[in-house]
Amino acid sequence: MLTEKQLQAYAELVVTQGVNLQPNQDLMITCPPECVNFARALAKEAYRKGAFRVSINYQDDVLTLIRLD
């Protein structure tokens with residue numbers, strides 16, 4: 001498990017290098033509920049970098065299986 005400092009550093013790397021988020025852009029994050037802490041770290045970093053809006057869409061695999069059953 002990552003420490004809070006490592007999680008924040010990874011979020012910064014993803015937002016600045018991986019996504020290359022620019023000021024006033026929107027960011028959509030899709031992740032399983034188990035990744036809530038990382039999603040929040042990404043959102044925090046995105047807002048710190050000037051994002052206009054950050055949305056988090058949680059994908060629940062169990063719910064998807066229920067829907068398809």
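The values are calculated or read from the model by the stated rules, or taken from the named source; none is laboratory data. From a predicted model like this one, the values you see are computed outputs, not experimental measurements. Glycine also receives a Cβ, built like all others from the backbone with ideal geometry; neighbour counts cover every protein chain displayed. Calculation scope for accessible area: heavy atoms of the full protein, side chains included, ligands and nucleic acids excluded. Shrake-Rupley method; radii C 1.70, N 1.55, O 1.52, S 1.80 Å.
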- Query: When only residues in region 1-36 that are open to solvent by 90 Å² or more (accessible area, probe 1.4 Å) and part of a helix (DSSP H, G or I) count, which is nearest to Thr64 (Cα to Cα)?
  - Reply: Glu34
- Mind checking whether some residue in region 31-47 is free of Cβ contacts under 8 Å to residues at least 12 places away in the same chain, of a type in the set (Ser, Thr, Tyr) and on the phi < 0 side of the Ramachandran plot? yes
- Item | Filter result (part of a loop (DSSP other than H, G, I, E, B) and either of a type in the set (D, E, K, R) or open to solvent by less than 90 Å² (accessible area, probe 1.4 Å) (or both)) within region 37-57 | Lys49, Gly50, Ala51
